[in-house]
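Enquirer: Structure below; questions to follow.
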Number of protein chains: 2
Amino acid sequence: MIEAYAEKIRISEIFGPTIQGEGALIGLPTVFVRTGGCDYRCSWCDSLHAVDSRFRADWRAMTAEEIFQEVRRLSDDRPLMVSLSGGNPAIQPLGGLIRLGHSAGYRFALETQGTVCRDWFADLDVLVLSPKPPSSGMETDWEALKACQESAAEGPRTVLKFVVFDAEDYAYARDAAARFPDLPVYLQPGNHTPPDPDEEDGLIDMDGLTRRLHWLVDKVTTDRWFDAHVLPQLHVLLWGNKRGV
Amino acid sequence: MIEAYAEKIRISEIFGPTIQGEGALIGLPTVFVRTGGCDYRCSWCDSLHAVDSRFRADWRAMTAEEIFQEVRRLSDDRPLMVSLSGGNPAIQPLGGLIRLGHSAGYRFALETQGTVCRDWFADLDVLVLSPKPPSSGMETDWEALKACQESAAEGPRTVLKFVVFDAEDYAYARDAAARFPDLPVYLQPGNHTPPDPDEEDGLIDMDGLTRRLHWLVDKVTTDRWFDAHVLPQLHVLLWGNKRGV
């Protein structure tokens, strides 16, 4: 137990409280704990500052205790939902942080592409599996994704989230959802003007984002995919590509 | 039973499938069944065409059978979430429609200000209680609101939704939520440029809406109100004040 807490976790940034901008928890106040490092390199990654090892110098090795202390400071010791994000947070040892937070009433949602499974997924409150569609340039390992769902078992509320850029991505989401018929589905149009990691506050194409959202709503309703949710990235509508909000 | 189905329901419009733009079901495909008539006259009402009796000639008296036939036609007979909206849909006899829809696998969400309670609230899948804040010019009957929650009992998932225009509305929402500690809370900034009911597609003030959303996120996070959700009216961001989408 003590060893688990002493293990170092690579952190890119901790910020909030702000609202969750995506998926099942959209609109809910949260503190983001963004880990550094990823086993993927999606062509349209919107968090390269937490992915690309050329930003490694900005990452900090922290213990679960240190991270949780910062979460408590930001939230004035008032329990809230903590969003574990990345990069791929599943490649970090987060089990100790979750136990520590739970003992103080905090809750934890983790989002991952589902390539790496952990026993401690079962301790999460929400697990967002977000396999990446063809436009990302990545290949889905369906066995690993299934194993992630199984690691979580009956523990957290588990949902699927898909970023959709085009018709091929949409078809992928449709197929992937059919492989996991029990999981609620959240679709979001991709941000085709992702932030440059060297810039803190890049411009976005609001009209383009709105058009893509229209297109996705049309796809889903025309297709009669009535149990999929279609949502924008609310934080992008609110703050553009600004980081740390 | 037969009598229940034969009772006439005043309908302003039936449209969809589109996505639900507000609250707990945001992003979910739905068909809207909007009833005509309301016991309130909110100063900023965004659905006057379904409220003001000068539009009564546009409303149609339909049986549950006729309404459900239209819902089935619009959804190609594929069960989905039906949104019962108004006006105040609670003043219409909707119990028969809900039974009919359930027998075919459809689900029902109803939104009301909580002034009129019905036994059939318990048959709903989702009940949205949306008491109106001071800026509406209306007075809340707290006893009636409580009775609505009790009518629903353990049946539907019941949530609170508040439209917030200003600090006074925010304080009202805070107080009202404290009276119902078990109910999840959804806050949304009000549309300060609501549609003129004689116009099909009025302009909106997107910058103003975004500013109001920023303000509300700030209020909630500064206040450490960590279990309230803050959401925009997604359909307004997508379609402005256009009707029937």
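The values are calculated or read from the model by the stated rules, or taken from the named source; none is laboratory data. Only a predicted model underlies this, so the values are computations on that prediction, with no experimental measurement involved. Cβ placement follows ideal geometry from the backbone for every residue including glycine, while neighbour counts extend to all protein chains displayed. SASA here: full protein model, heavy atoms, side chains in, ligands and nucleic acids out. Shrake-Rupley method; radii C 1.70, N 1.55, O 1.52, S 1.80 Å.
Enquirer: Exactly one of (1) away from chain A (no Cβ under 14 Å); (2) open to solvent by less than 20 Å² (accessible area, probe 1.4 Å) is unmet by B:Gly101. Its number?
Expert: (1)
Enquirer: On the basis of being closer than 27 Å to B:Thr140 by Cα and modelled with pLDDT of 95 or more, does B:Pro79 make the cut? Quick ask: steps written out before the conclusion?
Expert: Values: closer than 27 Å to B:Thr140 by Cα: no; modelled with pLDDT of 95 or more: yes.
No.
Enquirer: Just for the range B:78-94: of the residues that are within 14 Å of chain A (Cβ to nearest Cβ) and in contact (Cβ under 8 Å) with a residue 60 or more places away in the chain, which one is farthest from the chain's Cα centre (by Cα)?
Expert: Keep residues of the range B:78-94 that are within 14 Å of chain A (Cβ to nearest Cβ), which gives B:78-83.
Subsequent filtering for residues that are in contact (Cβ under 8 Å) with a residue 60 or more places away in the chain retains B:80-81, B:83.
Values: B:Leu80: 17, B:Met81: 13, B:Ser83: 8 Å.
In this case the residue turns out to be B:Leu80.
Enquirer: For residues in the range B:168-206 being free of Cβ contacts under 8 Å to residues at least 40 places away in the same chain and of a type in the set (Gly, Ala, Ser), which is least open to solvent (accessible area, probe 1.4 Å)?
Expert: B:Gly202
Enquirer: Could you go through the range B:142-152 and let me know if any residue there is within 14 Å of chain A (Cβ to nearest Cβ) and open to solvent by less than 40 Å² (accessible area, probe 1.4 Å). Give the steps one after another, and end with the answer.
Expert: Kept after step one, since they are within 14 Å of chain A (Cβ to nearest Cβ), are these residues of the range B:142-152: none.
The answer is no; no qualifying residue exists.
Enquirer: So in the range B:35-58, with the set limited to residues that are touching a His at 6+ places or on another chain (Cβ under 9 Å) and open to solvent by 30 Å² or more (accessible area, probe 1.4 Å), which one is farthest from the other protein chains (Cβ to nearest Cβ)?
Expert: Per the stated criteria, the residue is B:Asp58.
Enquirer: Then there's this: I'm told B:Met138 meets every condition in (1) in contact (Cβ under 8 Å) with a residue 24 or more places away in the chain; (2) over 18 Å from the mean Cα position of the chain (by Cα); (3) assigned to a loop (DSSP other than H, G, I, E, B) except one. Can you identify the failing condition by its number?
Expert: The single condition B:Met138 does not satisfy is (2).
Enquirer: Another question, if that's okay. Is one or more of the residues making up the range B:223-235 in a helix (DSSP H, G or I) and modelled with pLDDT of 85 or more?
Expert: Residues of the range B:223-235 in a helix (DSSP H, G or I): B:234-235.
Applying the additional criterion that residues be modelled with pLDDT of 85 or more yields B:234-235.
Within the range B:223-235 (the criterion being in a helix (DSSP H, G or I) and modelled with pLDDT of 85 or more), the answer is yes, since at least one residue qualifies.
Enquirer: Can I ask one more? Would you point out which residue out of A:Leu238, A:Leu209 is open to solvent by less than 50 Å² (accessible area, probe 1.4 Å), within 7 Å of chain B (Cβ to nearest Cβ) and either touching a residue at least 12 places away in the same chain (Cβ under 8 Å) or within 17 Å of A:Ile26 (Cβ to Cβ) (or both)?
Expert: Numbers: A:Leu209 fails: within 7 Å of chain B (Cβ to nearest Cβ).
The conditions single out A:Leu238.
Enquirer: Checking the structure you have, find out if any residue of the range B:155-164 is part of a loop (DSSP other than H, G, I, E, B) and open to solvent by less than 60 Å² (accessible area, probe 1.4 Å).
Expert: Restricting attention to the range B:155-164, the residues satisfying the condition of being part of a loop (DSSP other than H, G, I, E, B) are B:155-156.
Then keep just the ones that are open to solvent by less than 60 Å² (accessible area, probe 1.4 Å); that gives B:155-156.
Checked against the condition, which is being part of a loop (DSSP other than H, G, I, E, B) and open to solvent by less than 60 Å² (accessible area, probe 1.4 Å), the range B:155-164 yields at least one hit.
Enquirer: Return a yes/no flag: does the range A:131-138 have any residue that is closer than 17 Å to A:Ala90 by Cβ, of a type in the set (S, T, N, Q) and either open to solvent by 10 Å² or more (accessible area, probe 1.4 Å) or in contact with a strand residue (DSSP E or B) (Cβ under 7 Å, 6 or more places away or on another chain) (or both).
Expert: Within the range A:131-138, not a single residue is closer than 17 Å to A:Ala90 by Cβ, of a type in the set (S, T, N, Q) and either open to solvent by 10 Å² or more (accessible area, probe 1.4 Å) or in contact with a strand residue (DSSP E or B) (Cβ under 7 Å, 6 or more places away or on another chain) (or both).
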